[in-house]
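Peer 1: Shown below is the structure under consideration.
Taken together, the values in this text are just the output of simple stated rules run on the coordinates, not laboratory data. None of these values were measured; they are calculated from a predicted model. Cβ atoms come from the backbone with ideal geometry, glycine included; neighbour counts cover every protein chain shown.
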Amino acid sequence: MKTKLINLLKQVFPSTYNELAVFLFFLTCYGVLGSYIALHYRIIFDSRIPWDAYFSFDNKAIVMTGGSFERHPLAYYFFNWVREFSLLISGGKMNETFRLTLAWLSNTAISLCMVQIFKYLKNIIGLPLEFSVLMILFFGLFSTSIILSFTPENFTYTLLLLSIYNYYAAVKLKKEEKIPGSALTLAGITIGGLTITNLVKVFIPVLFEKDLFRNWKKFGNAVFRVLLTTASFVFLYLLRIDFKYENILSKTNQQYEKFSNVESIPDWDMMLSYFFGGSVLFPSFMTTDKHNMKGFDFKGLLMEPYSSPFCYAFITVLLALVLWSYYKNFKNKLVQILAVSFLVDIVIHCIMRFGLHTSYIYGGHFVFVYPLLLGWLFSAYKSHPKILSFLMMTMIVLLVFLLANNMFRMADFFRFLETYYQ
């Protein structure tokens with residue numbers, strides 16, 4: 001038991017000097033950003049604004065309740081701890097210290113996520129240090145990474161948990177070991193508990209365990225582990241809602257109708273600008289008039305579709321590299337796990353159209369796939385110096401454009417804060 005605990009801590013936290021450097025670098029950068037926002041503006045948490053202050057995040061509602069039970073069934077318990085800890089630090093007041101604590105919890109979560117991606121790049125893919133650093137810097141500049149680094153939301157912690165689990169599952173499968181039932185159950189309860197649609201992603205690595213479909217004993221054991229995880233999750237879910245299961249379908253249908261019937265922008269543009277692009281590269285912003293249903297009016301900030309051909313070109317090149325990686329590494333089961341996981345979100349948001357008009361907020365469910373698939377692409381051409389040089393130059397160009405664009409858009413974000421949230 002002691003050995004397992006030590007191994008878990010080594011996996012979640014930095015265990016080498018390079019990993020510690022990655023963690024401290026992002027903790028410092030994100031920490032400066034989040035601290036300044038928390039101390040000078042009230043947007044991270046304002047008791048009058050339950051939702052939609054910026055990019056449709058539900059900061060206050062999430063911190064106070066964990067969000068709606070039909071989509072975030074067990075988040076209530078997790079955010080009780082987050083809220084109570086933040087109140088403890090702030091002396092029971094929901095002031096700038098309270099906001100600062102929330103921001104630093106988010107900052108720590110995203111910085112640890114960077115460590116997980118770095119571990120995967122180094123230990124699973126086996127990339128040289130310079131390529132791993134390039135990928136992690138690229139990922140660290142994603143719009144999702146920047147925004148979630150100070151935002152108290154389900155997506156923040158989901159991104160961390162999915163990154164931890166994908167690395168853990170990759171370690172197990174690389175050693176040709178099965179994922180223990182206890183780990184599977186813990187992942188199902190935590191990941192699925194924060195966002196129910198992510199529960200299926202917990203089971204994807206199990207499908208790729210060695211000889212699963214050639215050995216009835218292994219297949220039966222896998223079925224048992226999946227059923228155990230599902231039963232544990234369902235029991236806790238029903239316990240959370242006092243076993244009033246009929247509420248689940250009615251609420252779910254209401255949510256689907258609410259978030260799936262927006263026709264103002266063509267679907268292809270929402271896919272590129274919001275789902276594939278907005279979670280990586282900021283588009284321009286627009287302000288909207290909002291109210292809290294209790295007589296308080298406020299301004300919200302939303303993303304617009306891309307207006308520059310350079311932004312469309314950036315996303316097109318990025319997606320081309322991702323597809324290239326998938327094609328080149330088609331027989332690699334770890335790449336298939338990432339691809340199938342990404343496909344789950346594509347089906348939910350692009351095909352079923354759930355929340356497609358604001359799909360940039362769902363980046364915490366899938367953006368970690370980008371740097372990992374790019375890492376596998378680099379690995380596939382490690383013995384082809386000319387192609388590797390081409391990929392390196394392409395990534396540097398993408399990195400520079402990403403940095404310039406997202407810094408420019410964050411300046412717009414700060415102008416919005418100066419105007420409405422001081």
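Peer 1: For a footprinting-style exposure proxy, rank 384, 72 by other Cβ within 10 Å, fewest first.
Peer 2: Lowest to highest Cβ neighbour count: 384, 72.
Peer 1: About its Cα centre, what dipole magnitude does the range 1-151 give when the only charges are +1 on Lys and Arg Cβ and -1 on Asp and Glu Cβ, stated in debye to the nearest 20?
Peer 2: Details: 12 positive and 8 negative charges, 71 e Å.
Computed charge dipole of the range 1-151: roughly 340 debye.
Peer 1: Okay, next question. Considering the zone a paramagnetic label at residue 228 would reach in this model (a point 7 Å from Cα along the Cα-to-Cβ line), which residues of the range 164-206 have amide N under 13 Å from it?
Peer 2: It comes to 178-188, nothing else.
Peer 1: Per the Kirkwood formula on distinct C-alpha pairs, the Rh of the range 88-136 is how many angstrom?
Peer 2: Details: mean 1/r = 0.0789 Å⁻¹.
By the Kirkwood definition, the hydrodynamic radius is 12.7 Å.
Peer 1: Based on alpha-carbon positions alone, could you give the equivalent ellipsoid semi-axes of the chain from the gyration tensor, as √(5λ), descending, whole Å?
Peer 2: Details: eigenvalues 197, 151, 96 Å².
Working from the Cα gyration tensor, I get semi-axes of 31, 27, 22 Å.
Peer 1: Does the range 350-422 come out rounded, prolate or oblate by the C-alpha gyration tensor, with a ≥ b ≥ c the root eigenvalues, rounded set by a/c under 1.5 and, if not, prolate when a/b is larger than b/c and oblate if not?
Peer 2: On the way: a/c = 3.82, a/b = 1.62, b/c = 2.36.
Judged from the Cα gyration tensor, the range 350-422 comes out oblate (a/c at least 1.5, b/c at or above a/b).
Peer 1: Calculated from DSSP H runs of 4 or more alone, at -39500 (n - 2.57) each and per residue, what is the 222 nm mean residue ellipticity of the chain, nearest 500?
Peer 2: On the way: 17 runs with 263 residues, N = 422.
Helices in the chain give a 222 nm mean residue ellipticity of -20500 deg cm²/dmol.
Peer 1: Which of 157, 6, 168 sits closest to the plus end of the dipole of the chain, meaning its Cα is farthest towards the positive end, when Lys and Arg get +1 and Asp and Glu get -1 on the C-beta?
Peer 2: Of the listed residues, the answer is 6.
Peer 1: What shape does the range 3-56 take by its C-alpha gyration tensor, where a ≥ b ≥ c are the square roots of the eigenvalues and a/c under 1.5 counts as rounded, a/b above b/c as prolate, and the rest as oblate?
Peer 2: On the way: a/c = 3.98, a/b = 2.09, b/c = 1.91.
Prolate.
Peer 1: Set the Förster distance to 41 Å, then compute FRET efficiency between residue 267 and residue 18 from the Cβ-Cβ distance, nearest 0.05.
Peer 2: Details: r = 42 Å, r/R0 = 1.03.
Step by step, r from the Cβ atoms, then E = 0.45.
Peer 1: Continuing with this model, one more query. Which ³J(HN,Hα) values, rounded to whole Hz and listed in residue order, are derived for the range 125-138 from phi using the Karplus coefficients 6.51, -1.76 and 1.60 in 6.51 cos²θ - 1.76 cosθ + 1.60 with θ = phi - 60°, glycine and proline given as x?
Peer 2: The phi angles translate into 7, x, 6, x, 4, 5, 6, 5, 5, 4, 5, 6, 5, 4 Hz.
Peer 1: Sorted by average packing, counted as other Cβ atoms within 10 angstrom per residue and highest first, what order do 170-176, 27-33 take? Numbers along the way, then the final one.
Peer 2: On the way: 170-176: 14.9, 27-33: 17.0.
For the peptides 170-176, 27-33, the packing ranking is 27-33, 170-176.
Peer 1: Turning to a different aspect of this structure: Working from the alpha-carbon coordinates of the range 106-189, get Rg over Rh, Rh being the Kirkwood radius. Write out the running numbers ahead of the final one.
Peer 2: Details: Rg = 13.7 Å, Rh = 13.6 Å.
Rg/Rh: 1.01.
Peer 1: Here's a follow-up. Arrange the following residues from fewest to most other Cβ atoms within 10 Å of their Cβ: 317, 206. Please list the in-between numbers first.
Peer 2: On the way: 317 15, 206 20.
Listing 317, 206 from fewest to most nearby Cβ atoms yields 317, 206.
Peer 1: Right, another one. In which sequence would 39, 373, 121 go, from the one with the fewest C-beta neighbours within 10 Å to the one with the most? Before the final figure, lay out each step's value.
Peer 2: On the way: 39 13, 373 20, 121 28.
The most exposed by this proxy come first: 39, 373, 121.
Peer 1: Decide, for the range 284-351, between rounded, prolate and oblate: order the square roots of the alpha carbon gyration tensor eigenvalues as a ≥ b ≥ c, take rounded if a/c falls under 1.5, and otherwise choose prolate if a/b is larger than b/c, else oblate.
Peer 2: On the way: a/c = 5.02, a/b = 2.00, b/c = 2.51.
Note, shape of the range 284-351 comes out oblate.
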